[in-house]
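Data block below; observations after.
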Amino acid sequence: MDLIDVFQQLKNDVLLTYQKQYPYFEGNWKTFSSQDIQNLIDLIANQVKQTVSEKWIYTHLKVANNNKLPRKDMLDILSQLVGYSGWDEYVFKWKQEVVPVAAKSKRNNKVVYSIGFVFLLLIGIISYRYLSGEEVQTIPVKNAFTEEQINSEEVKAVIIEDNLETPVEIVDSKIQITAKDSTKIVLKSPYYKQKTIVVGKENPNAIVLQPDDQAMMLKGFMKSDIKDWQTRKEQLQKILADDLEVLVMLKNDLGVEYFNKKEFSEKLIVPSVALKKMKVIDIKSNSNKEINFIRIIQE
């Protein structure tokens, strides 16, 4: 087993560690979504106290085969995430020791048993809720200012239970949940401020989200047909930070394009069909309320 093979095994162990934190993820690196990448970045920051960039994950983890080994400091971070002191100890275990085939099979069986246990647990929870007669609640999600319902594609919701996040489907701008006495729901959107609510058996009339002014202005630039490019340019200078980083995720898993403030502004100044097909899925701002990070997918 050469070092590239060891790194491939490390990538598998990183996925297993991620699945322990997010048991509903049952995919692989090819199906690892942008949200999964952000979750992994946060997991590394919390457990290892180190930072890994989204670009690095796309370059070294999402690819099926690696032609060369990443930097050792990054290998140390991943090794620490899966329970080792660093890359040297991980290599010692997988390269210097002979791993019996039976031990590998036992490890794979353990994963299968874990997945089966989670599946049975979910069946049990669903059965309990059905038998206990808990009421399904339908709650609309609205703009706090206009009181209009928010487009379902522009907001995501998760239920937080025992430090685990479970996605909640939003259909026709409404959340449908079977709530306990106190169910914590977190709503996130690139255009609205994040909000956490606790839903009990009392059904609230609606969940209202506060719009993010700069994000809404950016949305207007991307979706509208404003012809005054000079006005666009001046307004963009005010809402976009000088160190802006824009990630555009290409179709068919072809990779990511990167733009700085100047490059992205030039795209926004003149409306185009391609621009309107871009969907913003994440926006971050600095302490001056200037947008310094945007993540986009092509529709």
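Looking at the range 213-298, the DSSP beta bridges with both ends there are about 65 percent antiparallel. When the alpha-carbon atoms of the range 234-299 are used, the pair Rg, Dmax equals 11.8, 36 angstrom. Which of the pairs LYS156/LYS223; LYS49/LYS95; LYS11/LYS93 have their Cα atoms more than 19 Å apart in this structure? With Cα atoms farther than 19 Å apart: LYS156/LYS223; LYS49/LYS95.
Every number in this text was worked out from the coordinates using simple rules, so none of it is lab data. As the structure is a prediction and not an experimental result, all values here were calculated from the model.
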